[in-house]
1. Looking at (1) in contact with a Pro (Cβ under 6 Å, 6 or more places away or on another chain); (2) modelled with pLDDT of 90 or more; (3) buried (at least 17 other Cβ atoms within 10 Å of the Cβ), which is the only condition G153 fails?
2. So is E212 surrounded by 15 or more Cβ atoms within 10 Å (Cβ to Cβ), under 30 Å from V30 (Cβ atoms), charged (D, E, K, R) and without any contact (Cβ under 8 Å) to a residue 40 or more places away in the chain or not?
3. If you check E103 against the conditions, is it within 29 Å of F11 (Cβ to Cβ) and under 28 Å from the mean Cα position of the chain (by Cα)?
4. Please work out which residue is surrounded by the fewest Cβ atoms within 10 Å (Cβ to Cβ), limiting yourself to the stretch 18-33 and to residues that are closer than 13 Å to H141 by Cβ and hydrophobic (A, V, I, L, M, F, W, C).
5. Residue check: is A167 under 24 Å from G154 (Cα atoms) and modelled with pLDDT under 80?
6. Would you be able to tell me the number of residues in the stretch 96-122 that are acidic (D, E) and assigned to a loop (DSSP other than H, G, I, E, B)?
7. Condition check: touching a residue at least 60 places away in the same chain (Cβ under 8 Å) and more than 27 Å from A127 (Cβ to Cβ). Does S37 satisfy that?
8. For the stretch 159-200, enumerate the residues that are buried (at least 17 other Cβ atoms within 10 Å of the Cβ) and within 26 Å of R25 (Cα to Cα).
Amino acid sequence: MISISPDNASFLLQYVLPTVKNEHRSTRSVIESIPQSNADYRPDAYSKTAMELAWHVVAAEHRFYGGIIAGAFDFSPIHRPDSVKTPAQIGEWYGQSFAKNFELFPKMTGEQLAKIIDFRGAFQMPAVTFFNFSLHHTIHHRGQLSTYLRAMGGKVPAIYGESYDSAEAKKAAQAQAKYEAMPEKDLERELKRIEKDMLDAARNLEFEKAAELRDRLYQLKEKLFGVALPD
């Protein structure tokens, strides 16, 4: 059992809270990236589904934070409410739960933060040190969940820096903003240039480049002619 002074416990709280907030933002973005159409996906018969894994993450974190605040852990099951049926609704529940707990953390005294809490009889640590324990648990299972996303037909959001998908989305948004600012004649010239570059890339067997140019071409056609993008 490790003990720390109330002053040190208060210092550790101030040190860890920005990380807690940032990791929550990343975790929520991963959960909300689960495609609703395939939310019951599991990579193996012994694995949790995406929805089960997402709920495990948010329920466990809620238990950790509630225990830190209360000075004792309640290991009663935290069942997903019947009203929470989609990844977006799990994300919303997670956001509300986190906001309530996060508001209370700065109000905790050094004595509360330094209080020794028992974890299932396995070990005892000061309350403030369970933030790190909780973060490790969340990050571990968030990593699992992020590997589900592309297999489910979803996109991987930025976690620590850009992902391929978030970088592509940013590029597409920048290109769209550029096209929206162009006069119609310039858009028509850009359309012809991209179409030529796409055909050249295809002839040179540069298929990834050709596909990227094709997507830009669709964006321009939608802007110019209202042509719907293909699925």
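The values are calculated or read from the model by the stated rules, or taken from the named source; none is laboratory data. These figures come from a predicted structure and were not determined experimentally. Note that we place each Cβ from the backbone using ideal geometry, even for glycine, and neighbour counts take in every protein chain shown.
1. (3)
2. Spelling it out, E212 is indeed surrounded by 15 or more Cβ atoms within 10 Å (Cβ to Cβ), under 30 Å from V30 (Cβ atoms), charged (D, E, K, R) and without any contact (Cβ under 8 Å) to a residue 40 or more places away in the chain.
3. yes
4. For the stretch 18-33, the residue satisfying everything is V30.
5. In short, no.
6. Of the residues in the stretch 96-122, 0 are acidic (D, E) and assigned to a loop (DSSP other than H, G, I, E, B).
7. So S37 fits the description; yes.
8. Scanning the stretch 159-200 gives I159, S163, S166.
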